[in-house]
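Trainee: Questions regarding the structure given below will be posed in turn.
Values in this text are rule-based calculations from the coordinates and carry no lab data. All of these numbers come straight from a predicted model, not from anything done at the bench. All Cβ positions, even for glycine, are placed from backbone atoms using ideal geometry, and neighbour counts span all protein chains on display.
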Amino acid sequence: MSDDNASRGASLLNLPFVIAVVLLVGVAVLMGPLASHFGYRSAKKPLELRASLDSLDASRLGPYEVVHKNVLAPTVIEQLGTESYIDWVLKDTRRKPNETTYRVHLHVAYYTGGHYLAVHRPDVCMIGSGYELADAENTYLEIKTLAPERSTVPIRVCTFQRTKIFDDQQFVVPYTFFCIDEFRATEKGVRFKLNDPSYNHAFFCKVELRFMQGTAEAKYASKEESLTASADFLSYVLPILISDHWPDVAEVEQALAEEN
């Protein structure tokens, strides 16, 4: 062996290189037992809703009354990625039709199981419909009708705009996700939760709102008005979704553990 080749061989066998190789081998050997120990699954098992979303008891929504229940077209459902949804228009009976929070558009969509769950969110969908994202922020709403550990709900608030020669339309969409056992406001937050290896099952559900007048003009609520109205409306609908519709993952996982 030449002096140059010997020198290159010796440089490869220095201490950092040896340590790196040992660590890689160790990780490879331990991955199997560790994955088994922590119950890691490459794909999450699906969970059925306790009750279908369209069976939601509207009589428990306090001052809010259902005006119309939209049935989405097959092409829209295909883009949505789930047939478990409701798309309702309600009115707040405490308000007058010309108030911008008189009418609320409620959209709820449920996803579960599989290797890869697409997180559909207005930030992307509305842009695909020809709107621009004028503003977006993440905030929190206090929902006092929820248990203390869940009462601070993260919310993403998006303002969309479509500008035409004779029309300048802007509206606000507050939304949140309930993922496995907690609320998340962002796609990244949902994906992080879905990838938690301690869960065998997984689901998430999007709850999306929009507020507007009940008049022909249908002027939309501002961001501040939307957030105030969202806190009120969510105080009615979220407890129903949690108690009657969304599955209790901890309960299911515990039952599985007892069976095994």
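Trainee: From the square roots a ≥ b ≥ c of the eigenvalues of the alpha-carbon gyration tensor of the stretch 60-104, which class results: rounded (a/c under 1.5), prolate (a/b over b/c), or oblate? Kindly include the intermediate steps, with their values, before the conclusion.
Mentor: On the way: a/c = 3.74, a/b = 2.41, b/c = 1.55.
Judged from the Cα gyration tensor, the stretch 60-104 comes out prolate (a/c at least 1.5, a/b above b/c).
Trainee: Amide H of Lys219: which non-local residues (sequence gap of 5 or more, or other chain) have their own amide H closer than 5 Å, using H built in the peptide plane?
Mentor: Those qualifying (amide H under 5 Å, at least 5 residues apart or on another chain) are Gln213.
Trainee: In addition: How far is the Cα center of the stretch 219-260 from the Cα center of the stretch 69-119, in Å?
Mentor: For the stretch 219-260 versus the stretch 69-119, the Cα centre distance is 14 Å.
Trainee: If each Cα of the stretch 53-259 is one equal point scatterer, what is log10 of I(q)/I(0) from the Debye formula at q = 0.17 Å⁻¹?
Mentor: Taking Cα atoms of the stretch 53-259 as identical point scatterers yields -1.29.
Trainee: As an exercise, identify the chymotrypsin sites (Phe, Trp or Tyr not before Pro) in the stretch 55-123 lying in DSSP coil whose Cβ has no more than 15 other Cβ atoms within 10 Å. Please report the intermediate quantities before stating the final value.
Mentor: Numbers: sites: Tyr64, Tyr85, Trp88, Tyr102, Tyr110, Tyr111, Tyr116; in loops: Tyr102, Tyr116.
Here the sparse-neighbourhood loop sites are Tyr116.
Trainee: Ranked by Cβ crowding within 10 angstrom, fewest neighbours first, how are Lys91, Lys219 ordered?
Mentor: Values: Lys91 17, Lys219 14.
Fewest-to-most Cβ neighbours within 10 Å comes out as Lys219, Lys91.
Trainee: Does the stretch 220-260 classify as rounded, prolate or oblate by the C-alpha gyration tensor (a ≥ b ≥ c root eigenvalues; a/c under 1.5 gives rounded; else a/b over b/c gives prolate, otherwise oblate)? Let's see the in-between values first.
Mentor: Numbers: a/c = 6.18, a/b = 4.05, b/c = 1.53.
The shape class here is prolate.
Trainee: Same structure, new question: Between beta-carbons, use under 15 Å as the cut-off and find the net charge around Cys125, counting Lys and Arg +1, Asp and Glu -1. Please list the in-between numbers first.
Mentor: Numbers: positive: Arg121, Arg156, Arg162, Lys206, Arg210; negative: Glu78, Asp87, Asp123, Glu132, Glu187, Glu208.
It works out to a net charge of -1.
Trainee: A follow-up question, please. Using θ = phi - 60° and the Karplus relation 6.51 cos²θ - 1.76 cosθ + 1.60, list the HN-Hα couplings for the stretch 136-146 in order, rounded to whole Hz, with x at every Gly or Pro.
Mentor: 7, 8, 9, 9, 9, 10, 8, 10, 6, 7, 9
Trainee: So if the hydrodynamic radius of the stretch 167-260 is defined as the Kirkwood radius over C-alpha pairs, what does Stokes-Einstein give as its diffusion coefficient at 25 °C and 0.890 mPa s, in µm² per second? Before the final figure, lay out the partial values.
Mentor: Numbers: Rh = 15.6 Å.
Result for D is 157 µm²/s.
Trainee: Fewest first, what order do His105, His245 take by the number of other Cβ atoms within 10 Å?
Mentor: Listing His105, His245 from fewest to most nearby Cβ atoms yields His105, His245.
Trainee: Could you work out the local net charge near Thr101, counting Lys and Arg as +1, Asp and Glu as -1, over the other residues with Cβ closer than 11 Å to its Cβ?
Mentor: Net local charge, Thr101 excluded: +2.
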